[in-house]
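Everything below concerns the one structure shown next.
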Amino acid sequence: MRKVLFLLIFCVAVFGLTVHDIQYSTTGSSPYDGDTVTISAVVTAIGYAGDKYFIGDAGGGPWSGVYVYDFSHPADAGDRITMTCEVDEFYGLTELKNVISFVIDSSGSVPPPYSTTCAVVETSEALEGVLVTLSNLIVTDDNDTMWEVQDASGLMKVRYGFDYSYVPNPGDTVTTLTGMVYYSRGSFVIEPRFDADIVVSGVPPKESEAEPEINVQAGVLAPTLGEVYTIQFAVQKGNRAILRIFDRMGRSISTLYDGTMYTGASIAWDGRDETNAILPCGVYLIRLESISISGERKFTTKTIAIGSVLK
């Protein structure tokens, strides 16, 4: 009985937190440092340092974002998720790690970027992990690991944590620069997510690749009756496509396709995993990953329900 009461009290203590709850502090460190918490938020950026991501509160703004050191639970930017994980202060960076549970509740849009200046970002703990945008900048420096921009308020370092092709040149006029605020080696930096985050004066925006697409038939799949589920999918011509099934905890169940695509394709899935076992009833995720020749990755997901016939 004591164990049951302890677990109940513990769950109440950590349930329903926001990113603001995790991040807001007058000392710099999260008040939940070292705790295991359950938090609901929106995925604001994916593909950081390969396969990690950021989450934030739906309204955006100060204290609304945080970095997640996790590469085991696939999601798309804009997905609303609920996760249980540990809060950690990693050399001054508040991060979430050791994800115990992860559920995608719904899909939607990324919070709007918070408009600010170089001087504010460089000194503001409140913007760590937040999607921000800077305006009217000049590129002042560039090297292999980061570049630097300047506005009327001061300087700001920019890194290459995400995959984008823009090559900065000192003297470039950057109309707007959008990205995630990250803390590294004692200073805050901007991490643009993709080329569209970097608008350079006099340079037309790079034509973006086609987004990966999944189309699925309506209804519940009943594999015990021998039913199959038709999945149509497509990626940018010439890209590698990986089509996988995941459970709601983010565990990979089956890889349905992995190869280079030149036209759209259709697969009939029978509701079985890699061992040919029929999956239990529940909701599953179909995830399509598109990988370009340059290594740029894009994702999209759909849900599918597996059921059975009542006796």
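Being within 22 Å of V37 (Cα to Cα) and touching a Pro at 6+ places or on another chain (Cβ under 8 Å), is that true of even one residue in segment 117-127?
The first filter runs over segment 117-127 and keeps only residues within 22 Å of V37 (Cα to Cα), leaving 125-127.
Now drop any that are not touching a Pro at 6+ places or on another chain (Cβ under 8 Å), which leaves 126-127.
Scanning segment 117-127, I find at least one residue that is within 22 Å of V37 (Cα to Cα) and touching a Pro at 6+ places or on another chain (Cβ under 8 Å), so the answer is yes.
Residues in segment 262-299 that are surrounded by fewer than 17 Cβ atoms within 10 Å (Cβ to Cβ) and in a strand (DSSP E or B): A265, S266, I267, A268, R272, I278, G282, V283.
Yes/no per residue for (1) farther than 16 Å from L17 by Cα; (2) not hydroxyl-bearing (S, T, Y):
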residue: K52; (1), (2): yes, yes
residue: G60; (1), (2): no, yes
residue: A77; (1), (2): yes, yes
residue: T123; (1), (2): yes, no
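Every residue in segment 67-80 that is outside any loop (DSSP other than H, G, I, E, B) and in contact with a Ser or Thr (Cβ under 6 Å, 6 or more places away or on another chain), please. Scanning segment 67-80 gives a single hit, R80.
Quick one: is S101 under 17 Å from A45 (Cα atoms) and either touching a Leu at 6+ places or on another chain (Cβ under 7 Å) or in contact (Cβ under 8 Å) with a residue 24 or more places away in the chain (or both)? So S101 fails the test. Residues that are in contact with a strand residue (DSSP E or B) (Cβ under 6 Å, 6 or more places away or on another chain), surrounded by fewer than 16 Cβ atoms within 10 Å (Cβ to Cβ) and at pLDDT 90 or above within segment 104-135 comprise S115, A119, S135, listed in sequence order.
Among the conditions (1) in contact with a Leu (Cβ under 7 Å, 6 or more places away or on another chain); (2) modelled with pLDDT under 90; (3) not basic (K, R), A218 misses just one, which is (1). The residue that is modelled with the lowest pLDDT, among those in segment 221-249 that are within 16 Å of D76 (Cβ to Cβ) and of a type outside the set (F, W, Y), is R248.
Close contacts from segment 166-188, counting a first residue that is closer than 20 Å to I55 by Cα and a second that is small (G, A, S), with Cβ to Cβ under 6 Å and a gap of 6+ residues or different chains, come to M180/A45; Y183/G92. Residues that are in contact with a helix residue (DSSP H, G or I) (Cβ under 9 Å, 6 or more places away or on another chain), buried (at least 16 other Cβ atoms within 10 Å of the Cβ) and at pLDDT below 95 within segment 140-170 comprise F162, Y164, Y166, listed in sequence order.
Within segment 48-80, the residues that satisfy the criterion of being of a type in the set (A, V, I, L, M, F, W, C) and modelled with pLDDT under 95 are A49, A58, F71, A75, A77.
Whether a residue is surrounded by 15 or more Cβ atoms within 10 Å (Cβ to Cβ), under 22 Å from the mean Cα position of the chain (by Cα) and either over 26 Å from I55 (Cα atoms) or in the same structural domain as C281 (by TED's automatic domain parsing) (or both) was assessed, and F246 passes this test. Among the numbered conditions (1) within 21 Å of P113 (Cβ to Cβ); (2) modelled with pLDDT of 95 or more, the only one that A45 does not meet is (2).
Each row is one residue, and each column tells you yes or no for (1) touching a strand residue (DSSP E or B) at 6+ places or on another chain (Cβ under 6 Å); (2) of a type outside the set (G, A, S).
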{"residue": "G56", "(1), (2)": "yes, no"}
{"residue": "W63", "(1), (2)": "no, yes"}
{"residue": "A75", "(1), (2)": "yes, no"}
{"residue": "G78", "(1), (2)": "no, no"}
{"residue": "I81", "(1), (2)": "yes, yes"}
{"residue": "E86", "(1), (2)": "yes, yes"}
{"residue": "V99", "(1), (2)": "yes, yes"}
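Total residues in segment 25-63 satisfying the condition of being outside any loop (DSSP other than H, G, I, E, B) and either among the β-branched types (V, I, T) or in contact with a Cys (Cβ under 7 Å, 6 or more places away or on another chain) (or both): the figure is 9.
Taken over segment 234-261, residues that are farther than 15 Å from L279 by Cα and assigned to a strand (DSSP E or B) amount to 9.
The values are calculated or read from the model by the stated rules, or taken from the named source; none is laboratory data. Everything numeric in this text was worked out from a predicted model, so none of it was measured. As a convention, Cβ positions derive from the backbone with ideal geometry for all residues, glycine included, and neighbour counts pool all protein chains shown.
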